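Some notes on the structure that comes next.
The values are calculated or read from the model by the stated rules, or taken from the named source; none is laboratory data. On a predicted model such as this, the values are computed, not experimentally measured, just so you know. Here the Cβ positions follow ideal geometry from the backbone for every residue, glycine too, while neighbour counts run over all protein chains shown. Surface areas here come from the heavy atoms of the whole protein model, side chains and all, with no ligands, DNA or RNA. Shrake-Rupley method; radii C 1.70, N 1.55, O 1.52, S 1.80 Å.
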Amino acid sequence: MSDYVPEEVVAQILFRLPAKSVSEFRCVCKSWCALINDPTFISNYTHFAIKDITSNSQVILRHYDRVNSQERFTLHHDGISFSPIKELDLPFENKPDSFNVIGICYGLVCLLDYHQKGLSKSVIVWNPSLESCVRIMFKFTAANFESVHGFGFDPKSVDYKVVRIVVRDHFIIGVRDAPRPVVQVFALKVGSWRNVTTGDTSLCRITVKTPQAYVNGTLHWVGYDTESHHVAQGIQRRLVLLAFDLREEVFKELNVPDELKTDELAYGREQKLFIGALDQKLALMHYYTQWYNSPSYDGCCIWMMKEYGLGESWTKQFKIDLRLGLGKMAGLRRNGEMLLVTRYNEELVSFNTVNRKMQKLGIYGETWSFFLDTYMESLVLMQRINGVLKMPTPPFNSTSSSKAHRGETSGV
């Protein structure tokens, strides 16, 4: 370390620099290398970025480019305009229509690779800042099993966790006379799958491929109880939110707004309530139709939980008329406008909810593929020794990779 600049000052400077530059600064001298590789420094770098995330104007956008048949991840400035910064290079094979985004959390992107054949599958945890990734393997015991996944950050153990809930025949948890679900957690610092006991709590069902939301150290999915009631138009179910606390690794249920507590499945229509996180708060996107046999949704209401865990704090923030040619909501911008996908040509637009004006962004892709979240720099997945992932125990995980190296960890 320089004789003129204290180590603490150097660290404060490095906290404000891009992760890739900081990683490369390990070559400056041995003392810098030791500082940057220190797990405490990596932990502090992450905490500095998390603290600054509310003022961060960068977002990461994923969509599937059907013209070139490839996944695209791009960085954008979410300021007055939604201007592109750069396209991100994937450090793994970019196969057509192969990945499902499980979640994006504090600088890491978690993807499910469902292109693989057979019973063996994998989850990819990717750090775009360093162009590094780790592939986490898992295997089904039979062909009629699938998984619901979640990804988030555990503030108690200061670690990232992948959650896998094994489902059978497209349904999960709480079916009478059905086997108890298998819930597994993969912590990056531990580097292996382990089973989690769900207890005797009667949990709700959730469907395969339902999206997750990470808020307050907890993963959330939309679910419904096992008791269904037949009505004139179809089947009626009670909707709830299934939550998994990453700190204590326990399940709990949260209430949805009273207006949304029942869901009618008419004419085989799929669930129309989707969960997300907007402005670091739990949000629900409720798509509805005026007629049961309508070929598309007529509108969308956005609900936000103002105080986490308090059902009475649900507030209807927005109501959008989708008959204007708008479709799926991709995210909420810092200026209050919504990012929506048009129905007719699947273009991403910025929609002003006050004057109802739309700004075309010139980004086209499959409607289902659009995914938006806040971007931040991270040094996690940085250290690698002889090509093997290194997960230091205290107090934060870090594992490295260059674009030319990949890590694989097996799990069943």
Handout entry: Mean Cβ neighbour count within 10 Å, used as a protection proxy, ranking 78-91, 152-165 highest first
Key = 152-165, 78-91
Exercise for the section: Take segment 297-343, drop everything but the C-alpha atoms, weight them equally and run the Debye formula without solvent; then report log10 I(q)/I(0) at 0.30 Å⁻¹ to two decimals. Expected result: -1.09
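Can you give the extra length, in nm with one decimal, that the chain gains between Lys139 and Tyr364 once fully stretched, where that is 0.36 nm per residue apart less the Cα-Cα distance?
On the way: separation 225, 0.36 × 225 = 81.00 nm, distance 3.48 nm.
Gain in length upon complete extension: 77.5 nm.
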Handout entry: Candidate lysines for bridging to Lys357, where Cα separation is under 25 Å - those fewer than 8 sequence places away on the same chain excluded
Key = Lys316, Lys319, Lys328
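Which FRET efficiency value, to the nearest 0.05, do you get for Leu310 and Ala34 by plugging their Cβ-Cβ distance into 1/(1 + (r/R0)^6) with R0 = 45 Å? Please list the in-between numbers first.
Values: r = 46 Å, r/R0 = 1.03.
Efficiency for this residue pair is about 0.45.
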Fill in the blank from the handout: Excluding residues fewer than 8 positions from Lys156 in its own chain, the lysines with Cα under 26 Å of it are Lys51, Lys189, Lys252, Lys281, Lys306, Lys390
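Please work out the Kirkwood hydrodynamic radius for segment 272-386, using every pair of different C-alpha atoms, and report it in angstroms with one decimal place. Each step should come with its number before you reach the end.
On the way: mean 1/r = 0.0634 Å⁻¹.
It works out to 15.8 Å.
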Exercise for the section: Grab the other residues whose beta carbon is less than 10 angstrom from that of Glu248, score K and R as +1, D and E as -1, and report the net. Expected result: 0
Handout entry: Distance in nm between pseudo-label sites at Ser81 and Glu347 (7 Å out along the Cβ direction from Cα)
Key = 1.6
Problem - Spin-label model distance (nm) - Arg194 vs Val67, 7 Å beyond Cα toward Cβ - result: 4.9
Completion exercise
D (µm²/s, integer) via Stokes-Einstein for segment 35-167, Kirkwood Rh across alpha-carbon pairs, 4 °C, 1.567 mPa s: value 78
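With only Lys, Arg, Asp and Glu charged, each at its Cβ (+1 for the first two, -1 for the last two), find how big the charge dipole of segment 25-126 is about the Cα centre; round to the nearest 20 debye.
Using Cβ point charges on Lys, Arg, Asp and Glu, segment 25-126 gives about 160 debye.
Using a 1.4 Å probe on the protein heavy atoms, what percent of the accessible area of segment 274-360 belongs to carbon and sulfur? Working shown, then result.
Details: 2170 of 4380 Å².
Solvent-exposed carbon and sulfur of segment 274-360 make up 49 percent of the total.
Taking a probe of 1.4 Å, how large is the accessible area per residue of segment 1-129, in Å²? Provide the component values of the computation, followed by the final result.
Working: 6190 Å² over 129 residues.
That works out to 48 Å² for each residue.
Taking 0.36 nm per residue of sequence separation and subtracting the Cα-Cα distance, how much length would be gained by fully extending the chain between Arg323 and Lys95, in nm to one decimal? Display every interim value, and only then the final one.
On the way: separation 228, 0.36 × 228 = 82.08 nm, distance 3.44 nm.
My answer for the length gained is 78.6 nm.
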